[in-house]
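Participant: The structure's right below; bear with me while I get my questions together.
The values are calculated or read from the model by the stated rules, or taken from the named source; none is laboratory data. These numbers come from a predicted model, not from an experiment. Virtual Cβ from ideal backbone geometry, glycine too; neighbours counted across all protein chains shown. Side chains are part of the model used for accessible areas, which takes the heavy atoms of the whole protein and leaves out ligands, DNA and RNA. Shrake-Rupley method; radii C 1.70, N 1.55, O 1.52, S 1.80 Å.
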Amino acid sequence: GAGVSQSPSNKVTEKGKDVELRCDPISGHTALYWYRQSLGQGLEFLIYFQGNSAPDKSGLPSDRFSAERTGGSVSTLTIQRTQQEDSAVYLCASSLQGLTDTQYFGPGTRLTVL
Amino acid sequence: GQQLNQSPQSMFIQEGEDVSMNCTSSSIFNTWLWYKQDPGEGPVLLIALYKAGELTSNGRLTAQFGITRKDSFLNISASIPSDVGIYFCAGQKSGTSYGKLTFGQGTILTVHP
């Protein structure tokens with residue numbers, strides 16, 4: 001079956017612009033996660049959605065970052081007024097039930113802020 | 001945010017050699033995971049460990065969950081060129097809001113034919 005998909009695969013933007021990154025989880029997966037991977041670093045947790053529960057936003061680095069998940073499926077990560085330090089690969093993952101189930105990752109969106 | 005201490009940062013080995021990498025943390029995790037990431041792709045789960053002291057194999061890969069629950073190692077035996085990639089350890093805590101993964105910095109593995 002189809003895996004986690006993300007779009008766009010690459011995004012180049014100018015400092016100060018807003019960007020939206022999209023994630024389509026595996027069909028039937030109720031949990032969705034966003035991570036950020038900076039160059040040469042491990043993955044940094046950003047936000048977690050589980051069903052209809054309030055999302056765990058504890059990893060969002062600033063109020064310029066927000067995410068929503070519509071209809072329990074597709075998710076959009078929005079970064080407002082982008083800064084150069086936002087340049088990274090943004091990875092989305094989904095899992096069947098939640099916190100203890102295997103997380104399957106998408107290929108990521110590489111964001112470059114000029 | 002918190003990260004796990006993963007070592008070594010990189011390894012250059014000859015095909016056929018064995019590889020060992022490890023991860024340590026100052027806090028306890030209930031699950032330890034090992035992922036591999038190929039260029040341009042997301043990480044793929046290799047091995048999951050759920051119990052302190054557990055030793056689990058997946059083909060040429062063997063991983064152990066440390067007794068203290070603060071460390072884990074991954075061994076790859078008889079390496080082949082397709083083992084090239086970045087290997088990440090990840091820890092997971094149990095309980096509401098603690099299921100998110102905490103990752104190590106990664107080990108870059110290069111295998112020379």
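Participant: For segment B:80-93, in order, what is each residue's ³J(HN,Hα) by Karplus, 6.51 cos²θ - 1.76 cosθ + 1.60 with θ = phi - 60°, in whole Hz (x at glycine and Pro)?
Facilitator: Along segment B:80-93, the couplings run 10, x, 6, 6, 4, x, 10, 9, 10, 8, 8, x, 9, 9 Hz.
Participant: Please state the relative contact order of chain B as a whole percent: Cα pairs under 8 Å, 6+ residues apart?
Facilitator: Answer for chain B is 37 percent.
Participant: A further question follows. Could you pull the Cα extents of segment A:1-105 along its three principal axes, largest to smallest, in whole Å?
Facilitator: Largest to smallest, the principal-axis extents are 37, 27, 25 Å.
Participant: Return the loop-located chymotrypsin sites (Phe, Trp or Tyr not before Pro) in segment A:31-114 (DSSP other than H, G, I, E, B) with at most 16 other Cβ atoms within 10 Å of their own Cβ; answer none if there are none.
Facilitator: Answer in residue order: no site qualifies.
Participant: Need one number: nm distance between label points at A:GLU85 and A:THR102, each 7 Å from Cα along Cα→Cβ, rounded to one decimal.
Facilitator: It works out to 3.7 nm between the two label points.
Participant: Pairs of alpha-carbon atoms within less than 8 angstrom and 6+ residues apart define the contacts here; what relative contact order does chain A have, in percent?
Facilitator: Averaging sequence separation for qualifying contacts and normalising by length gives 38 percent for chain A.
Participant: If I stretch the segment between B:SER20 and B:ALA52 completely, what's the gain in nm (0.36 nm per residue apart, minus their alpha carbon distance), one decimal?
Facilitator: Contour length minus the Cα-Cα distance gives 9.6 nm.
Participant: Principal axis extents for segment A:38-85, Cα atoms only, whole Å, descending order, please.
Facilitator: Computed over the Cα atoms, the extents are 33, 24, 17 Å.
Participant: Let me ask something else about it. Please identify the GluC sites (Glu not before Pro) of segment A:1-88 that satisfy two criteria: DSSP loop assignment and at most 16 other Cβ atoms within 10 Å. Which are they?
Facilitator: Listed in order of number, the matching sites are A:GLU14.
Participant: Using only Cα positions of chain B, each an equal point scatterer, no hydration layer, compute I(q)/I(0) via Debye at q = 0.12, 0.19, 0.21, 0.22 Å⁻¹ and quote the log10 values to two decimals.
Facilitator: Calculated log10 I(q)/I(0) at the listed q: -0.38, -0.93, -1.12, -1.22.
Participant: Using θ = phi - 60° and the Karplus form 6.51 cos²θ - 1.76 cosθ + 1.60, what ³J(HN,Hα) does each residue of segment B:26-33 get, whole Hz, x for Gly and Pro?
Facilitator: With coefficients 6.51, -1.76 and 1.60, one gets 7, 10, 7, 10, 8, 9, 10, 10 Hz.
Participant: To continue, here is another question. Of the residues B:GLY53, B:GLY91, B:GLY40, which exhibits the maximal mean-square fluctuation in a Gaussian network model of chain B defined by a 10 Å Cα contact cut-off?
Facilitator: The residue with the greatest mean-square fluctuation here is B:GLY40.
Participant: Here is a follow-up. So what are the ³J(HN,Hα) numbers for segment B:60-71, from phi and the Karplus equation (6.51, -1.76, 1.60; θ = phi - 60°), rounded to whole Hz, Gly and Pro as x?
Facilitator: Once rounded to whole Hz, the list reads 7, 9, 9, 9, 10, 9, x, 4, 6, 6, 10, 7.
Participant: What is the spread of the Cα atoms of segment A:15-71 along each of their three principal axes, largest first, in whole Å?
Facilitator: For segment A:15-71, the Cα spread along each principal axis is 34, 25, 20 Å.
Participant: Hey, what's the Cα Rg ratio for the protein assembly as shown versus the globular rule of thumb, 2.2 N^0.38 Å?
Facilitator: With N residues counted in the protein assembly as shown, Rg over 2.2 N^0.38 Å equals 1.01.
Participant: Ignoring ligands, DNA and RNA, how do A:LEU77, A:LEU60 rank by accessible area with a 1.4 Å probe, largest first?
Facilitator: A:LEU60, A:LEU77
Participant: Okay, moving on. What nm distance separates the two modelled labels at B:SER10 and A:ALA54, each placed 7 Å from Cα along Cα→Cβ?
Facilitator: Inter-label distance under the simple model: 4.5 nm.
Participant: Something else now. Just which residues of segment B:15-48 lose 30 Å² or more accessible area with every protein chain there, against their chain alone, with the probe set to 1.4 Å?
Facilitator: Buried on complex formation: B:TYR35, B:GLN37, B:GLY42, B:PRO43, B:LEU45.
Participant: Here is a further query. Taking the solvent-accessible surface of protein heavy atoms with a 1.4 Å probe, what is the per residue accessible area of chain A in Å²?
Facilitator: Result: 48 Å² per residue.
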